[in-house]
Structure formats: C-alpha cells, structure tokens
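The values are calculated or read from the model by the stated rules, or taken from the named source; none is laboratory data. Since we're looking at a predicted model, the values are computed, not measured. Cβ atoms come from the backbone with ideal geometry, glycine included; neighbour counts cover every protein chain shown.
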Amino acid sequence: MPSATEFFGISASNLGPLTKTFTAPSSCTATTNTDHILFVNATSPYINYLMSSSCRPKPFGDCYPSGSDYDSWGKQTSTLVFGQGVYHYFSPGLVCPEGWETAATLKHGSKSGEIDVSGALTVSATDITSQLYANGIAMPLHPTDFWRNVLDKSETLAFCCPSGYVGDINGFCRSTLGPLTPTMSNQPDPEVCQIWVRDGDYVFTVTSLDGVTERNGLRSMVPITATDATTTTRVLAGEWGETQLEDLAYATWVPAVTLIHQETATGSADKGDKDDDKEKDDKNAASRVGGVVSVLGVTLGLLAGAVKDRFNRKWSRSDGPPPRIENIFHVDEAEFRASHRGQRWNAYRLRRHGSWSFGFHGTTRYCHVGCELGERNGRLLVCQNDACGIYGIINNSFKVSRSGRGLFGKGIYTTHSSYKADMFSQTRATGCGLKAMLLCKYVPGRVQRLRIGNPFRTRPCRGYDSVEAVLMKDGGMTNYHEAVVYRDDAVVPVGVITYTK
C-alpha cells in the first residue's frame with residue numbers, strides 16, 4: 001500500500017484489499033446503460049465527454065467493489081463542488097473484477113524519476129488540456145505525475161475496465177451506446193449540468209514543482225463549496241437535428257478499478273485463502289492440462305536464433321539488457337502452409353502485393369506455458385481456458401471481434417518492439433514466474449500513419465489497409481512502434497516466446 005496519502009493537494013484514497021475476483025450481481029447489467037449516461041464527442045481521439053442533466057451520478061453500490069465506500073466519498077463532500085480532487089485505489093489489489101480487463105499499467109522505471117506506462121496511461125493529453133497548453137493557460141497535474149509521487153518504488157498500478165470499454169488517463173472507463181438522436185417522440189433537447197462559480201480567488205498557478213519549471217504553470221484550486229457556485233442546466237450543443245450534434249453520441253461510464261500491489265505479489269492469491277477456494281480459482285484460471293496445439297511445434301536452430309536476435313534487438317531499452325529467453329515455440333512451416341489460417345492469410349497477402357512483416361503481441365495468459373505445461377513430443381502445451389489470450393489466439397487465431405479498443409480503435413495490434421509487447425503481456429497463472437508473448441506475421445498493405453489516436457476507429461480511412469502510429473519524436477503519441485489491422489486474415493500467430501525478467 002502506498003505510504004503517501006496525497007500529492008499536490010490531491011488525495012489518495014485506499015478502498016481496501018481486492019485479492020479475489022469480484023463478481024457484480026446480475027442486476028447490475030440492467031442499469032449499466034441507464035444510470036451513468038454521458039454525452040461524448042465520438043470523433044475525438046480522447047472521447048471528450050460532459051455529464052448529462054444529472055449533476056451528480058447515481059451511486060454504484062453493489063455493482064462496484066467496495067461500492068458503498070466509493071459512494072460515501074460523494075456523500076461526505078455533498079457541499080463541495082470541486083477542488084483538487086481524489087484518486088481511489090485498492091491495495092493490495094491483485095485481480096480485476098469478473099468481465100473486466102487491464103486497460104493500463106504504471107510502475108517506476110530503473111532510473112530515478114522514470115516511469116513505465118502502458119495502455120490508457122500512455123495518452124499525454126486530451127482535447128481540453130491541448131487547448132489549455134496551446135493558449136498558455138495553467139495545466140492540471142497530469143495523473144501519471146500524481147501516481148509517480150504516490151507509488152512506492154516496489155509497487156505497480158493497474159487500471160481495470162469492463163471488457164469493451166475504453167480507459168482514460170483520469171481513471172475512468174466509458175463505452176458508447178449509440179448516436180445522439182432522440183429515443184422517443186417530442187423528447188426535449190439534450191441538456192447537461194452547468195456549474196457557474198462566482199468571482200473569487202479560487203485558482204492559483206504554480207510555476208515549478210520539485211525544482212522543475214512548468215511552461216504554462218500548474219493549476220492549483222482551493223475547495224469550492226455549493227455556496228460559492230450556482231448549478232443550472234443548459235442545452236448541450238444545439239437542438240435535435242442540428243449539425244452541432246452530428247459528432248456526438250450517448251455513452252455510459254464507470255470508474256476504473258485501480259489496483260496497486262507489490263511487484264512480487266502480482267498474480268498471487270491471498271495466503272489466507274482456504275484450500276477449496278484455491279482449487280476453485282485454479283480451475284477458473286486455467287489449470288486444465290492437456291491442450292496440445294497441433295499447429296505449433298518447437299523450432300530449434302537458425303530460426304529460433306533469428307527470433308531471439310529479433311527479440312533482443314527490438315527490446316529498445318538503454319538502461320539494461322533484455323530479459324532472458326527461456327524457450328521459443330514456432331509454427332511448423334509445412335503445417336502452417338497447409339492450414340486454413342495459413343492459406344487464408346497467404347491469399348490476403350498476395351492481394352496486397354505480397355509484403356508482410358513480423359510483429360510481437362502481448363496478451364493476458366492463464367497458461368503455465370514453460371512451467372508445468374511446457375511441451376510434449378515437440379509440441380507446445382497450453383491450457384484450454386477460453387479467457388486465456390495465449391490459448392485463444394493459438395487455437396482460433398486472431399479475432400477482431402475478441403479484441404478491445406486501443407489508441408486506434410477496435411483492431412488487432414502488433415509492434416516491432418518486444419519491450420512494448422511486454423507491457424501488455426499479463427500473467428494470471430499463479431506460481432509461474434515466466435512471461436510470454438506471441439510472435440506473429442501481419443500484412444500492412446497500404447499503411448495510414450497517424451499522429452493522433454481515435455478509440456472509436458473500426459478501420460483505416462478509405463484507400464488504406466492498416467494503421468501505424470507516428471512516434472512521439474516525430475510529433476505522434478507513442479514512443480514505440482504500433483501497427484493495427486482490422487481484419488482477421490491480415491495477421492496470424494506464428495510463435496510463442498517465454499522469458500524471465
């Protein structure tokens with residue numbers, strides 16, 4: 001648990017431990033799309049959103065871990081309109097709720113002041129903060145700077161979001177429900193809550209923090225109570241049918257479940273668990289042994305050496321050597337060419353002028369690949385757990401329908417950087433210290449290179465076959481290569497690499 005309880009006036013609230021899988025009551029599904037509604041800009045890469053006509057969201061209750069404690073913060077501050085704010089977390093937090101998945105991670109790097117982030121926390125700005133920065137206006141403290149100063153050196157943070165939701169840097173998850181159109185006849189024009197604050201000295205600009213000068217300054221806000229503000233509603237952006245509403249959509253939201261744990265505790269069960277609970281968790285987490293994947297074999301010699309060389313060269317870190325590779329499992333080329341997925345991929349490749357590229361892909365796994373399972377007669381053994389990304393992709397290949405929404409929308413993501421793929425390689429197999437990532441072949445075709453993301457994207461623009469991120473050094477949003485294809489036949493798994501860090 002972090003020892004710090006605040007930074008820069010922002011509180012850090014521990015909602016308690018979350019060491020077992022939380023399962024929400026079935027009744028929560030019925031209220032997901034009605035109780036917490038937003039109006040969002042569906043064309044924005046950051047999904048800018050405003051609250052609906054309710055100025056205070058309905059409580060989450062049993063639909064959220066320690067929901068009553070989370071909701072109580074709103075009740076305690078019923079007279080407080082806004083101030084510096086609070087971030088909630090669970091510690092020790094080891095397991096995302098049932099049906100949720102990791103949307104972002106953050107931990108301290110090997111160098112002082114450095115952090116390693118992945119997923120939603122890699123976004124450096126929103127439309128609003130970009131406008132503030134461009135106009136020289138004081139900026140709010142970036143969430144990663146808050147967590148950098150709150151987390152102890154040995155701790156790791158993870159944001160969990162419901163499957164299919166998009167996480168954001170502020171610790172919220174949201175999902176679009178549909179275009180902003182009336183759902184009944186004579187429906188009033190859409191309205192949002194508007195809070196007006198009387199003139200007063202509520203906002204201060206801090207020009208430096210920890211000895212670092214801030215170009216625009218940081219915004220520091222004193223608590224503003226209900227007596228200092230007037231709450232009203234106003235029409236969102238226009239009346240039904242006006243062009244101002246064309247880019248807007250209905251969405252639902254939920255706070256991310258923020259987990260903080262000691263690095264050595266990742267994936268471990270509570271030592272106080274009963275034996276029958278542990279046995280149940282093991283079954284749910286993929287302890288079923290015996291799934292021999294016939295299309296994958298152990299490839300030794302020059303090919304394995306080439307894969308190892310690619311992994312090491314593409315680690316792209318100057319502060320230490322790459323991890324140690326334990327095993328490399330690779331597709332048997334003859335079997336691949338004869339398989340349905342191989343023939344389908346090759347047909348698509350030829351339609352796109354024949355070029356292809358290797359990529360790495362990180363995913364969540366429950367398999368003990370390389371530990372208890374390993375290999376049998378030269379064949380890779382995996383679990384048969386449908387929740388396991390390694391098993392699912394090897395058994396069924398990549399499926400856009402099973403993918404989440406990333407920086408460039410719902411697609412299949414690969415990277416030339418083994419270091420970046422490692423950020424998304426999550427191990428849920430207890431008692432197994434190995435990590436694993438997939439090696440794949442993908443067909444880039446005509447590549448659309450983008451500087452700004454859009455999590456609502458479902459395909460490249462007309463005339464392109466795939467999307468590739470422009471790197472931050474060239475004006476983009478990511479430090480490492482990222483490519484996205486939006487069709488199943490454009491990418492295939494061809495290997496599994498197990499390694500230790």
Is the stretch 439-460 home to any residue that is small (Gly, Ala, Ser), surrounded by fewer than 17 Cβ atoms within 10 Å (Cβ to Cβ) and not assigned by TED's automatic domain parsing to the domain that holds Thr19?
no
Test Gly389 against the criterion of being free of Cβ contacts under 8 Å to residues at least 60 places away in the same chain, surrounded by 21 or more Cβ atoms within 10 Å (Cβ to Cβ) and of a type outside the set (Phe, Trp, Tyr), and give yes or no.
yes
Could you tell me which numbered condition Arg428 fails, if it satisfies all but one of (1) in contact (Cβ under 8 Å) with a residue 60 or more places away in the chain; (2) farther than 20 Å from Val491 by Cβ; (3) surrounded by fewer than 18 Cβ atoms within 10 Å (Cβ to Cβ)?
(3)
Run down Val95, Val86, Val117 and say which single residue is modelled with pLDDT of 80 or more and surrounded by fewer than 14 Cβ atoms within 10 Å (Cβ to Cβ).
Val86
Among the residues of the stretch 136-177, which ones are part of a loop (DSSP other than H, G, I, E, B), of a type in the set (Gly, Ala, Ser) and at negative phi?
Ala138, Ser154, Ser163
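When you check Arg352 against the structure, is it in contact with a helix residue (DSSP H, G or I) (Cβ under 9 Å, 6 or more places away or on another chain), at pLDDT 80 or above and surrounded by 13 or more Cβ atoms within 10 Å (Cβ to Cβ), yes or no?
yes
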Among the residues of the stretch 369-404, count how many are at pLDDT 80 or above and of a type outside the set (Ser, Thr, Tyr).
12
Filter result for Asn395 (of a type in the set (S, T, N, Q) and crowded, with 20+ Cβ neighbours inside 10 Å):
no
What about Asn346, is it farther than 29 Å from Thr427 by Cα, in the same structural domain as Phe424 (by TED's automatic domain parsing) and either modelled with pLDDT of 80 or more or touching a Phe, Trp or Tyr at 6+ places or on another chain (Cβ under 8 Å) (or both)?
yes
Cross-chain or 6+ apart pairs with Cβ under 6 Å, the stretch 140-157 first and within 18 Å of Arg219 (Cβ to Cβ), then outside any strand (DSSP E or B) and not aromatic (Phe, Trp, Tyr)
Pro143/Ile169; Pro143/Asn170; Thr144/Leu121
For the stretch 399-501, give me every one of the strands (runs of 3 or more DSSP E) that falls completely inside it and has 3 or more residues that are closer than 19 Å to Arg313 by Cα.
435-442, 491-500
Residue identified as modelled with pLDDT of 90 or more and under 22 Å from the mean Cα position of the chain (by Cα) among Val123, Val150
Val150
